[in-house]
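We did not get these values from a lab; they are worked out from the coordinates using the rules stated. For clarity, every value in this text was computed on a predicted model and none was experimentally measured. Don't worry about glycine lacking a Cβ; one is built from the backbone with ideal geometry, like all the others, and counts go over all protein chains shown.
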Amino acid sequence: MAGALKHTARREEIVDACAQLYESMPFHKITLGVISQKTSFSRPSVYNYFRTKEEIFLALLEREYAAWTRDMNALADAPVPAEAFPEAFAALLEARKCMLKLLSMNLFDLESGSRLENLTAFKRVYKASLQAVCRCLTAHFPHVGDAAVQQFIYAFYPFLFGVYPYTNASEKQQAAMRAADVVYRECTIAEIAAPLVRALTQAFSS
């Protein structure tokens, strides 16, 4: 038992270090060596838990999905009025900026650079998120059918891959848009997500 707890704690320490680095460094500059420097143990020890940096990032993404899933299940357990659902559901994404950043920029690399067992563990958490979305929808719209729920998922999940860049443009990107005469309006993730969720759920009553 003690050994398992130590293994879990060290694994979480590595993922925590990765998360901290990702807040201020680009993916390509974060190496196993850089990650190990922010932990309490050596780089060779990191290999006891992860073979590649992609596996560490995938574990971070898995953790983000799990947190989002818990939030969605909490919303399903304590439903708000149906008309308030789009804003409530969209607000859950506001706390998941790391998840959305990874989805928009690095998912293909993470999955291709991870062992099958790690990828399978991530996919199980991904499946749990799908189930949580279904719970949220049926809790707030009891008469919604399976086909409508699937349509929501197939519209909403691809949206997750593109929302982060729209809400986190760098100074360089904004300067380029000004130079190209592209209109850019700063907005939050929730501000973009809520209208989509509202439009998708309006179809439930048609």
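What the table below lists for this structure:
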| read-out | value |
| --- | --- |
| Long-range Cα-Cα pairs in the stretch 1-50 (distance over 16 Å), rounded percent | 37 percent |
| Order of Cys18, Cys98, Cys136 - criterion: other Cβ atoms within 10 Å of each residue's Cβ, fewest first | Cys98, Cys18, Cys136 |
| Unit charges on C-beta of K, R, D, E only; dipole of the chain, Debye | 640 debye |
| Unit charges at the beta carbon, dipole of the chain: most positive-side option, Thr31, Pro79, Ala194 | Thr31 |
| Mean separation of Cα contacts under 8 Å, 6 or more apart, over the residue count of the stretch 1-159: relative contact order % | 26 percent |
| Gain on full stretching of the segment that runs from Leu116 to Glu171 - 0.36 nm per residue minus C-alpha separation | 16.0 nm |
| Inter-centroid distance (Cα atoms) of the stretch 42-85 relative to the stretch 88-144, Å | 8 Å |
| For the stretch 152-176 and the stretch 1-20, distance of Cα centres in Å | 31 Å |
| Fraction of the pair-distance distribution of the stretch 97-206 above 23 Å, Cα-Cα pairs, percent | 44 percent |
| Residues Lys123, Lys97, sorted so that the one with the fewest Cβ neighbours within 10 Å comes first | Lys123, Lys97 |
